[in-house]
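Structure first, commentary second.
The values are calculated or read from the model by the stated rules, or taken from the named source; none is laboratory data. In this text, all values refer to a predicted model and were calculated from it rather than measured experimentally. Counting neighbours? That spans all protein chains shown, and the Cβs are built from the backbone with ideal geometry, glycine included.
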Amino acid sequence: MNDDGTADHTNQLRAAGLRVTQPRLTVLAALAAQPHADVDTIATAAREHLGTLSTQAVYDILKALTERGLVRRIEPAGHPARFEARVGDNHHHVVCRTCGATSDVDCAIGYAPCLTPSAADGFVVDEAEVVFWGLCPNCQSQRRESA
Ligand SMILES: [Zn+2]
Ligand SMILES: [Zn+2]
C-alpha cells in the first residue's frame, strides 16, 4: 500500500462499480486512519482535506460504500453507528460499556455464521453478530483512580 492508499481506494471503487470521486476517496482514507469511526468523526476528518463536505454527503457516501461491501457498518446497542474498512473476514468487536471504545476481535472460526443457534426455527442463518462488552483500559484506570 502506498502512503495514503489512494491507488488502492481508486481500484476498490472501480471494482465495486462506483465512480471515483474525491469525497469517496477522502472518506475511505479517513476510515483507514480511524477504524470504527462514527459519522461525525469521519465528516470532521474529511473536511480537513476537502474544506466543505456536508454530514449528509458523508452519510450518502457511507451508505453507497456499505451497500457495495467496501465498508462495514457496526451498531453497538446504545452507541452511534460506526464504520470500518476491514470487511469480509467476519471479525467481531469488543466495546467499552462506558466510553464506547471499540476494538477488533478476530473470529476464531473465520467464516459466517461462526455460531450455530441451538434452534433456528426454520430460518436459514447466514451470520452471527457477536459483540463482546466490557471496560476498556482507559476506563479501568479511571475507575481505579476515582475509587
Ligand atoms: Zn472506555
Ligand atoms: Zn472492526
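Computed quantities for the displayed model
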quantity: Filter pass, R82 being within 16 Å of ligand 2 (Cβ to nearest atom), closer than 21 Å to G5 by Cβ and of a type in the set (D, E, K, R); calculated: yes
quantity: Residues (over 24 Å from A43 (Cβ atoms) and hydrophobic (A, V, I, L, M, F, W, C)) located in segment 74-108; calculated: V94, V105, C107, A108
quantity: Residue within segment 40-49 that is within 15 Å of ligand 2 (Cβ to nearest atom) and either surrounded by fewer than 16 Cβ atoms within 10 Å (Cβ to Cβ) or of a type in the set (V, I, T) (or both) present; calculated: yes
quantity: Count of residues meeting criterion [within 16 Å of ligand 2 (Cβ to nearest atom) and in contact (Cβ under 8 Å) with a residue 40 or more places away in the chain] in segment 9-35; calculated: 4
quantity: Cβ pairs under 6 Å, 6+ apart, first in segment 57-70 and farther than 13 Å from L31 by Cα, second modelled with pLDDT of 95 or more and of a type in the set (F, W, Y); calculated: none
quantity: Per-region count, segment 8-34, residues among the polar types (S, T, N, Q), surrounded by fewer than 20 Cβ atoms within 10 Å (Cβ to Cβ) and more than 15 Å from G69 (Cα to Cα); calculated: 3
quantity: Yes/no for G88 being modelled with pLDDT under 90 and either more than 16 Å from ligand 1 (Cβ to nearest atom) or out of contact with any helix residue (DSSP H, G or I) (no Cβ under 6 Å at 6 or more places or on another chain) (or both); calculated: yes
quantity: Total residues in segment 115-130, condition surrounded by fewer than 15 Cβ atoms within 10 Å (Cβ to Cβ) and either in contact (Cβ under 8 Å) with a residue 24 or more places away in the chain or of a type in the set (D, E, K, R) (or both); calculated: 4
quantity: Given (1) modelled with pLDDT of 95 or more; (2) over 22 Å from Q12 (Cα atoms); (3) away from ligand 2 (no atom under 15 Å from the Cβ), number of the condition V58 does not satisfy; calculated: (2)
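Residue-wise test of (1) out of contact with any Cys (no Cβ under 9 Å at 6 or more places or on another chain); (2) among the hydroxyl-bearing types (S, T, Y); (3) away from ligand 1 (no atom under 16 Å from the Cβ).
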| position | (1), (2), (3) |
| --- | --- |
| T26 | yes, yes, yes |
| D40 | yes, no, yes |
| V95 | no, no, no |
| I109 | yes, no, yes |
| V130 | no, no, yes |
| G134 | no, no, no |
